[in-house]
Structures are given as C-alpha cells and as structure tokens.
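Encoded as structure tokens, the structure appears first; notes follow it.
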Amino acid sequence: MNGLGAGMDFDYDLLVIGAGSGGVRAARMSATYGAKVAIIEEFRVGGTCVIRGCVPKKLYVYASRFSDQFDIAGSFGWQVDASFDWPTLVANKEKEITRLEAAYTANLEKPGLEIIKDRAIVTGPNSIRLVGSGREMSARHLLVATGGHPFIPDIPGAEFGISSNEAFDLPTLPRTILIEGGGYIAVEFATIFAGLGVDTTLIYRGDCVLRGFDEDMRRGLEAGLTARGVRLIYQTTIASLDKVGDAVRANFSDGVSAPYDVVMFATGRRANTAGLGLETAGVKLNEDGSIAVDAYSQSSVPSIYAVGDVTGRAQLTPVAIREGWYFAETLYNGKKLAVDHSVIPTAVFSEPEIGVVGLTEDEAATHGDIDVYVTRFRPMQNTLSTRSDRMILKLITEKDEGRVLGVHILGPGAAEMIQLVGIAVGMGATKADFDRTIALHPTAAEELVTFKAPSYSYRDCKKVA
Ligand code: NDP
C-alpha cells in the first residue's frame, strides 16, 4: 500500500510543516507522485538555508574575501583603492534571497500543492490546527520539517547578544565584534567580519576551534584565523553581558571584562519542537529536544515523519534534502529508501576554507593499520606576495595503498575539491586508484594523486614514522 488516501478519511495525503530545504523537497516530490499535499510555513519559504543560513552566509564570505584579493593584487601589478559599504551588501543579499524565495514558491506551486502561511500545531497523529486562522486539517501522514534555531546560553544579559539570525541584517557594520563558539558558524562569521575589516575576537570554551575535525585542519584554521587578525580566546566563556552606553560589555569566566559593538552567540542550534504539540500526539523526542526517527524518517507515531534539522541527525541542507526526497520515494513511489549518513562531505567556509570527507586521523587510527599522507605548501596565488598562509592536503588510507578512508583539505577551493573527491571515497576508491589518475597541473588538487611515500603510519593504533 502506498501513502495515498485523501478523499477517503482525510483532507490530504500529506501535510508538511515547514518550508525549508527538507520540507520543500519532500512536499514537491510527494505531489509529483500524485499525493494531495499542503505545506505550512509561518516565516519565509526557503528555510534557514536560503533565508538566514548557507546562501546569505556564502554571499558574505565572498564579500569578505575581496580583502584577500586586494591584499595580493599589488604583487600582480594592480593598484587598488578599495572601500566597503555594508548597506549595499545587505540590500543586495536581500534582493537575492527574495528572488530565491520566489523561485522556491513557484517550484512548490508547479505540481499543484497548496502553500499555507500560518503556524501549525499538531493535535493528533493525523491532524493539525492552524494558529492564525484556527482551521483544523487532517492528513494520512504528517511530515515535521521545522528545522532548528540558534541556542543561546542561559546567562545574565544574554538578550544584549545576537545570533547568526540577526548578524546578516545589522544596521551598520560594527567596529568590534565578539563571537562565542568554536563551531562552523563561529569560525565562518569570524572570517566574514574580519575580512570586512571588523576587529574580531572569538571566544571558545575548548582548546582549539572545530572540535571533532582532524587536528591538522583545526591547527591550520587556527593559524589562518590568527593571520587574518582574529583574536582567539580559549578555555573561557562569556559569563554575563551588560550594556554600557552603546557598547555591550562582556564579562568573561576568568573575571576579565571588555566592551564590544556587537556580541554574537554561535553556540549551536537546537530543534524547533517546542510548542508544536508533538507530545500530545505521542511523538518521542531525543534528549536534545529533536524528534527521534528511524532510518526512513518515521517517528514513534507511525503516521508522523520528520526530516532535516528537527531530527538532530546531521544539520546540513543537502542531508535534509536527501531525507525529504527519500521520504517521498518511500511513501509515494514504492521505493523504500534510507539515507546513508555515513559518508557526508562537509565544508567550513572559513578562511582558510576547509573541506572534509571520511574519517579523521584519530578516528581512522582506531580502525586498523593506516597510512597518512600530508602536504603543506603556499597556494600558488600567493607566491608572488609576501603572504605565508599554508594550504594543507591530507589523505588517510588503509595501509599499503588500500582504501581511502579520509580526505582533509584546508585552503582555497577546498569545498569544491571535496565535493568531487567525495564521489571516489564513497565508491571505495583506493590509494592505488588515486595514483592511477593523471595529475592536472598546475592545481592544488593534483597533490591528492601525486603522494609518494606515506608521511607516517599507524600500526596497532601506534604512530610510526
Ligand atoms: P556547532 O555545534 O558546530 O558549534 C557549537 C559551538 O558552540 C561549539 O564550539 C561548542 O563547544 C560551543 N558551545 C555549545 N554550547 C555552549 C555553551 N553553553 N557555552 C559556550 N560554548 C558552547 O554549532 P554552530 O552553531 O556553529 O552550527 C550549527 C550547525 O549548523 C553545525 O553543527 C552544522 O551542522 C550546521 N552548519 C553547517 C555549515 C556548513 O556546512 N558550512 C555552516 C554553518 C552551520 P564544544 O565544541 O565544546 O561543544
């Protein structure tokens, strides 16, 4: 039996709550397969990724990288007299996301599904109520795709800080900013603001940014951020904030205080499940508040599914899209498909940029005997200048030219390279397969196929030269 059943007992086959990456894909594909679908969104169509995440972030990263280009332009003979206007960037970003929002909306309307601008509350396994209009709706299946929101630590004066949501639309470019966190958002925004000329400080409770990433990537990024002028304060948190005139004063856990124009929290994101009525319907939540689902995105209530950030699996747009797509395949196209979350290429759009697929060195070393190949060099674009930034490429393989277990790249173009090398890693390519590939010269990526002897190895979990 497939999931089509509207007209029998229910108003719809499927009601999707949330028009972000996962919800939009699931709704559109389900409608294409003949389901009667409505999608309910309380904010803007497009979700975090389009409206206040990946898309505007990448645009701002581009904006911030001009300073690097201007920095080295002189070494190529250019004279550049540059200045930056924040309101122009904000306005142009807004134009672009408005265009994308319209495109998303048009794509949703194409297969004939209904878009409802309201807030939905789940009232039972097959029913919701719209908060604005009071309308009750029923469906054979509900899909919760409500995403997440920034988590702000519960400290006195937290309301004087902002999150990434507000950072995109600050009325003026701050002169100074303090960013708390050591994850994706903290280092990406530190990159953006430092590149735009803002005096930037990053405060992190750990001892090096990007916990969980390969150590070489972490240390390489740390060096890159420092070279860009980002001040790093480790093993410290913001204990409280207060307002002093126009500035926000941050009082640190070590007793030091300092004023900033803006203080931003980038301390993780949590699932949007509060006030959704999920408990009423009997949906089980994980400890962090996300919805517990099985491999097919089905919750503990068989008629209720969930995809994307709200499930707390991998908080990444392409993963949400894949989960939404496979949900539609499973329910409405007779193909039971589960998303493989084991090999997910990921990138951090910091400066330097990081791209990663597969295991870190520490993880791989516990999986058996491995060889590690690492190279560090100045990107060619910088060789005419005095810049000393280093690019790092690292390959982790099973011993003796066996399967490639992990690829880690830090430097220009890392994200683009990892997207492609991810295909090979996903297919189970070996070091010998990489070596058979003819190098493309002059590129940075050619280093991945020209490694000779390992830099070092691990045997019985022990590092050997
Ligand atoms: P992350 O989970 O990546 O990082 C959160 C950071 O905040 C960590 O450094 C964490 O420290 C720290 N932290 C958590 N709680 C506290 C606290 N109470 N006090 C002080 N510090 C705290 O979350 P982000 O907010 O950076 O991003 C959310 C998610 O969004 C990412 O995990 C990623 O999946 C996704 N994302 C992806 C991007 C991409 O693909 N390029 C870009 C942006 C976001 P600790 O390390 O000690 O736990």
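The values are calculated or read from the model by the stated rules, or taken from the named source; none is laboratory data. The structure presented is a predicted model; accordingly, all values stated were derived computationally and were not measured. We place every Cβ from the backbone using ideal geometry, glycine too, and count neighbours over all the protein chains shown.
So, in region 234-246, of the ones that are more than 12 Å from the ligand (Cβ to nearest atom) and surrounded by fewer than 17 Cβ atoms within 10 Å (Cβ to Cβ), which residue ends up nearest to the chain's Cα centre (by Cα)?
In this case the residue turns out to be SER240.
Can you name every residue in region 444-465 that is in a loop (DSSP other than H, G, I, E, B) and under 15 Å from GLY368 (Cβ atoms)?
Within region 444-465, PRO454, ASP460, CYS461 meet the criteria.
Out of all the residues in region 175-182, is one or more surrounded by fewer than 22 Cβ atoms within 10 Å (Cβ to Cβ) and within 16 Å of the ligand (Cβ to nearest atom)?
no
How many residues, within region 322-350, are away from the ligand (no atom under 13 Å from the Cβ) and either among the aromatic types (Phe, Trp, Tyr) or modelled with pLDDT of 95 or more (or both)?
Adding up the residues that qualify gives 18.
Going by the structure shown, is ILE418 modelled with pLDDT of 95 or more, surrounded by fewer than 24 Cβ atoms within 10 Å (Cβ to Cβ), closer than 20 Å to TYR184 by Cα and among the β-branched types (Val, Ile, Thr)?
On the way: modelled with pLDDT of 95 or more: yes; surrounded by fewer than 24 Cβ atoms within 10 Å (Cβ to Cβ): yes; closer than 20 Å to TYR184 by Cα: yes; among the β-branched types (Val, Ile, Thr): yes.
Against the criterion (modelled with pLDDT of 95 or more, surrounded by fewer than 24 Cβ atoms within 10 Å (Cβ to Cβ), closer than 20 Å to TYR184 by Cα and among the β-branched types (Val, Ile, Thr)), ILE418 qualifies.
So, in region 282-321, exactly how many residues are more than 16 Å from the ligand (Cβ to nearest atom), assigned to a loop (DSSP other than H, G, I, E, B) and crowded, with 21+ Cβ neighbours inside 10 Å?
So the answer is 4.
Yes/no matrix, rows are residues, columns are (1) exposed (fewer than 13 other Cβ atoms within 10 Å of the Cβ); (2) closer than 30 Å to PHE265 by Cα:
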{"site": "ILE51", "(1), (2)": "no, yes"}
{"site": "ASP81", "(1), (2)": "yes, no"}
{"site": "GLU114", "(1), (2)": "no, no"}
{"site": "LYS117", "(1), (2)": "no, yes"}
{"site": "THR123", "(1), (2)": "no, no"}
{"site": "GLY147", "(1), (2)": "no, yes"}
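Quick test of your reading of the structure: THR273 fulfils all but one of (1) within 14 Å of the ligand (Cβ to nearest atom); (2) closer than 15 Å to VAL16 by Cα; (3) assigned to a loop (DSSP other than H, G, I, E, B). Name the failing condition by number.
The one condition THR273 does not meet is (1).
Got at least one residue in region 334-342 being farther than 25 Å from GLU287 by Cα and either buried (at least 22 other Cβ atoms within 10 Å of the Cβ) or aliphatic (A, V, I, L, M) (or both)?
Checked against the condition, which is being farther than 25 Å from GLU287 by Cα and either buried (at least 22 other Cβ atoms within 10 Å of the Cβ) or aliphatic (A, V, I, L, M) (or both), region 334-342 yields at least one hit.
Quick check on region 252-268: of everything there that is assigned to a strand (DSSP E or B) and within 11 Å of the ligand (Cβ to nearest atom), which residue is farthest from the chain's Cα centre (by Cα)?
MET264
Take region 350-374 and flag every residue that is in contact with a Cys (Cβ under 9 Å, 6 or more places away or on another chain) and over 23 Å from ALA432 (Cβ atoms).
THR366
Against the conditions (1) over 18 Å from GLY147 (Cα atoms); (2) among the aliphatic types (A, V, I, L, M); (3) assigned to a helix (DSSP H, G or I), where does VAL55 fall short? Just the number, please.
(1)
Can THR236 be described as assigned to a loop (DSSP other than H, G, I, E, B) and among the hydroxyl-bearing types (Ser, Thr, Tyr)?
In short, yes.
Residues of region 154-174 being out of contact with any strand residue (DSSP E or B) (no Cβ under 7 Å at 6 or more places or on another chain) and either within 27 Å of VAL356 (Cβ to Cβ) or more than 15 Å from the ligand (Cβ to nearest atom) (or both), which ones?
Within region 154-174, GLU159, PHE168, ASP169, PRO171, THR172, LEU173 meet the criteria.
Does PRO111 fit the bill of being in contact (Cβ under 8 Å) with a residue 60 or more places away in the chain, within 30 Å of THR201 (Cβ to Cβ) and either assigned to a loop (DSSP other than H, G, I, E, B) or basic (Lys, Arg) (or both)?
So PRO111 does not fit the description; no.
Hey, any hits in region 12-28 for a residue that's surrounded by fewer than 17 Cβ atoms within 10 Å (Cβ to Cβ) and either more than 22 Å from the chain's Cα centre (by Cα) or modelled with pLDDT of 95 or more (or both)?
For region 12-28, residues surrounded by fewer than 17 Cβ atoms within 10 Å (Cβ to Cβ) and either more than 22 Å from the chain's Cα centre (by Cα) or modelled with pLDDT of 95 or more (or both): absent.
May I ask you to list the residues in region 360-378 that are outside any strand (DSSP E or B), of a type outside the set (Val, Ile, Thr) and either in contact with a helix residue (DSSP H, G or I) (Cβ under 9 Å, 6 or more places away or on another chain) or closer than 16 Å to GLU401 by Cβ (or both)? Step through it out loud before you land on a result.
Restricting attention to region 360-378, the residues satisfying the condition of being outside any strand (DSSP E or B) are 360-369, 378.
Filter once more, keeping what is of a type outside the set (Val, Ile, Thr): 361-365, 367-369, 378.
Answer for region 360-378, where residues must be outside any strand (DSSP E or B), of a type outside the set (Val, Ile, Thr) and either in contact with a helix residue (DSSP H, G or I) (Cβ under 9 Å, 6 or more places away or on another chain) or closer than 16 Å to GLU401 by Cβ (or both): GLU361, ASP362, ALA364, GLY368, ASP369.
Return the pairs, sorted by first residue and then second, in which the second residue is assigned to a loop (DSSP other than H, G, I, E, B) and aliphatic (A, V, I, L, M), the first residue lies in region 204-230 and is under 13 Å from SER350 (Cα atoms) and within 14 Å of the ligand (Cβ to nearest atom), the beta carbons are less than 7 Å apart, and the residues are 6+ apart or on different chains.
MET217/LEU210; ARG218/VAL209; ARG218/LEU210; LEU221/VAL209; LEU221/LEU210; GLU222/VAL209
Residue under question is ALA432, and the condition is that it be under 30 Å from the mean Cα position of the chain (by Cα) and at pLDDT 95 or above; does it hold?
no
Can you tell me how many residues within region 370-384 are surrounded by fewer than 16 Cβ atoms within 10 Å (Cβ to Cβ) and over 27 Å from the mean Cα position of the chain (by Cα)?
5
Conditions (1) hydrophobic (A, V, I, L, M, F, W, C); (2) touching a Phe, Trp or Tyr at 6+ places or on another chain (Cβ under 6 Å), marked per residue:
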site	(1), (2)
SER21	no, no
TYR33	no, yes
ILE40	yes, no
VAL61	yes, yes
GLY74	no, no
PRO87	no, no
GLU94	no, no
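Scan region 134-150 and give yes if some residue there is within 16 Å of the ligand (Cβ to nearest atom), touching a Phe, Trp or Tyr at 6+ places or on another chain (Cβ under 7 Å) and hydrophobic (A, V, I, L, M, F, W, C), otherwise no.
no
Evaluate region 434-443: report whether one residue or more is outside any loop (DSSP other than H, G, I, E, B) and under 25 Å from ARG228 (Cβ atoms). Don't jump to the end; show me each part of the working.
Step one: filter region 434-443 for residues outside any loop (DSSP other than H, G, I, E, B), giving 434-436.
Then keep just the ones that are under 25 Å from ARG228 (Cβ atoms); that gives none.
The answer is no; no qualifying residue exists.
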